[in-house]
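For reference, the structure discussed in these notes is given below.
Just so it is clear, none of the values below were taken in a lab; they were calculated from the coordinates. Computed from a predicted model, the values in this text were never measured in an experiment. Counting neighbours? That spans all protein chains shown, and the Cβs are built from the backbone with ideal geometry, glycine included.
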Amino acid sequence: MRRAWLWIVVVLAAVGAAGSYLQFWGDGSAAVAPYRLARVERGPLVATVRATGTLNPVNTILVGSQLSGQVVEVLVDFNTPVKAGQVVARLFSDQIRSRRDAARADLDQARADLAMRRAQVERAKASLRKAEAARLDQIAQRDRALAQSADAERTLERVSDLASRQVGTPTAVEQATTQRDVMKAGVASAEAQIASNEAEIAGLRADLALAEAQVASAEAAILQREAKLRDVEIDLTRTEIRSPVDGVVVKREVELGQTVAASLSAPTLFTIAQDLRRIDIYASIDEADVGQIKPDQPVTFTVSAYPSRTFSGKVRMVRLGSETVQNVVTYTAVINVDNADLALLPGMTANVQIVTDERPDVLRVQNAALRFRPFGRAAAGRSQMDVIGDGQPGQVYVLGENGEPKVIPVRLGITDGSTTEIVGGDLAEGAGVIVGGGPRPSAAAASDRNASSPGARPRGPRMF
């Protein structure tokens, strides 16, 4: 019985193989297979652009050091929340503190020197006021001597007149003459003292100007030493590395005891994300699709960490700068995402779908119908000038009255990858369009086609 069943199986296999050969490669007529049809439907259609991107914080702050030195304290770590102004690390500061103390001492010395200079100015002013008062007294004495000299001159004239009339005595004339000469000498002495006093005043004024110039120099020295002190104090404050914003530490690149070298460029010690409740996706958009991307377009995406969850966002901008990798040109689309639950983390890969167009009720057909071509009919070629109206040209096939495929030209709108909008053409809702199937070529037809194709190689029979 076992051998009988084995022979039955072999015979059935041989019969099936022979039937397949005769059906597909025999000299008879082509095998007839039914066409597969799909209905033209009406409904919503959403066109999307698919891309991949990386999640990034909206604002990423690189915290570095403007000083060189050894790190003596590291006060934060990965994922540590920080506030603006919070100290996150400290550098060795003893040398800078010594410089600050020396600068303060120099400033105190300059201020003492200024006080001394100002005292000299006051003393010079007092001496000048005293000399000017003495000059006024000498001027008064001179005026009195002039008055006395004039009186002595008048007395001499009277005595001389009396003597000429034999009334006065020669002795009286001599005494009056002597008195007049003494008064004149007094006037000359007063004039000389006034001149000496004026010379002294000029000297005191020069001393005062010098003292005031020294005060100005001392004030400038104070400003210079104050600036030096501020510079040292700024360096001292820079030994404390502070966070400039509220956020969370996403990267720490410094270790305790490490020496920071800031001679050429400020090294990055920490990376702080300002607010992870808002996050961005940097999506790479192919140059063929970038023309469809506009601001405020809705976006849905998934990440590997949450495969069953769909997140949403919105396009903020498309950056003008392109990137070329292996002759592939892409543009970066920035997508804003609300991350209130902090589920999304920086660096995650997002599989993005950007909704570029959405139609609530359109006539649509399966894309397989647009690709279908009956055997023996070449696909209709088209150029950029073949665009008809608002849509792109296309064609579908329906079954004619004789059961043969009949071409229907149509105009195509948006597509979601599986169905396409029909915006024009003689195609009604509910019509059946061919998406596949149909008769296969006979062996003779296949032979003729292979023979007519240059460089074609003969094919053996397909066994089913």
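For this structure, a couple of remarks:
- Remark: the range 86-101, residue by residue, has Karplus-estimated 3J(HN,Hα) of 6, 6, 10, 6, 9, 9, 4, 10, 4, 5, 5, 5, 5, 4, 5, 5 Hz, where x stands for each Gly or Pro and the curve is 6.51 cos²θ - 1.76 cosθ + 1.60 at θ = phi - 60°.
- Backbone phi angles across the range 63-71, fed through the Karplus curve with coefficients 6.51, -1.76 and 1.60 (θ = phi - 60°), yield HN-Hα couplings of 9, x, 10, 8, 10, 9, x, 8, 7 Hz in residue order; Gly and Pro are listed as x.
- The range 183-289 - convex hull of the alpha-carbon atoms, volume per residue in Å³: 314
- Charge tally in the Cβ shell below 11 Å around Gly430, where Lys, Arg are +1 and Asp, Glu are -1, Gly430 excluded: 0
- Computed over all pairs of different Cα atoms, the Kirkwood value for the hydrodynamic radius of the range 134-231 is 17.7 Å.
- Efficiency of FRET between Leu320 and Leu399 - r from beta-carbon atoms, R0 45 angstrom, step 0.05: 0.35
- Charge context of Val72, other residues only, Cβ under 12 angstrom, K/R +1, D/E -1: -3
- Phi to ³J(HN,Hα) by Karplus 6.51 cos²θ - 1.76 cosθ + 1.60 over the range 313-326, Hz, x for Gly, Pro: x, 8, 5, 9, 6, 10, 5, 6, x, 9, 10, 10, 10, 6
- Shape summary of the range 259-301, radius of gyration then Dmax from alpha carbon positions: 18.4, 51 Å.
- Candidate aspartates and glutamates - alpha carbon under 16 Å from Lys184, same-chain residues fewer than 8 apart omitted: Asp143, Asp151, Glu153, Glu157, Glu174
- For Lys83, the lysines whose Cα falls under 20 Å of its own Cα, not counting residues fewer than eight places away in the same chain, are Lys251.
- Arg36 long-range amide H proximity, modeled H, under 5 Å: Val435, Gly436, Gly437, Gly438
- Distribution of pairwise C-alpha distances over the range 73-204, 5 Å bins, in %: 2, 9, 9, 8, 7, 6, 6, 5, 5, 5, 4, 4, 4, 4, 3, 3, 3, 3, 2, 2, 2, 2, 1, 1, 0, 0
- Summary of the geometry: the range 274-343 and the range 162-184, compared by the centres of their Cα atoms, lie 125 Å apart.
- Compared with the alpha-carbon gap, the fully stretched path from Ala288 to Asn79 is longer by 71.3 nm at 0.36 nm per residue.
- Leu345 long-range amide H proximity, modeled H, under 5 Å: none
- Under 5 Å, built H, 5+ apart or other chain: amide partners of Gln297: Val315
- Spacing of the modelled spin labels on Ala133 and Ser304, each 7 Å from Cα toward Cβ, amounts to 9.7 nm.
- Stretching Ala368 away from Asp231 to a fully extended chain increases their span by 41.8 nm, per 0.36 nm per residue minus the current alpha-carbon distance.
- 12 Å beta-carbon shell around Ala115, net charge (K/R +1, D/E -1): -1
- Grouping the Cα pair distances of the range 229-312 into 10 Å bins from zero gives a pair-distance distribution of 11, 26, 25, 19, 14, 5, 0 percent in increasing distance order.
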